[in-house]
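The values are calculated or read from the model by the stated rules, or taken from the named source; none is laboratory data. The structure presented is a predicted model; accordingly, all values stated were derived computationally and were not measured. In this analysis, Cβ positions are derived from the backbone assuming ideal geometry, glycine residues included, and neighbour counts consider all displayed protein chains.
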Amino acid sequence: MKNAVSKLLVLVTLLWAPLILAQDVQELYDAAKQSVLNGDYQTALNKIGDAKYQIEMDPNLDPNGVFKNKLLPKSKTLPTQ
């Protein structure tokens, strides 16, 4: 019985983990938005970068591309000198 409970716990954890991480992306987006409103642009850029990194590491966090394609600004690379 204890083994069955352990397996169930692992299964539930695996199913809920993407939802928990997706919430982190939403929280990063919300924090970035608040930072922009407060005029703290560097923090906003850091939060956006963190959100993009999480999505790159696990595309399942943004399966429809809402954050990556619509909500998060596109990165612009500056020319090197």
Residues located in segment 4-58, provided they are of a type in the set (Phe, Trp, Tyr) and at pLDDT 60 or above
TYR29, TYR41, TYR53
So which residues in segment 39-55 are surrounded by fewer than 16 Cβ atoms within 10 Å (Cβ to Cβ) and among the basic types (Lys, Arg), if there are any at all?
none
Taking the condition surrounded by fewer than 11 Cβ atoms within 10 Å (Cβ to Cβ) and in a loop (DSSP other than H, G, I, E, B), does LYS70 pass?
no
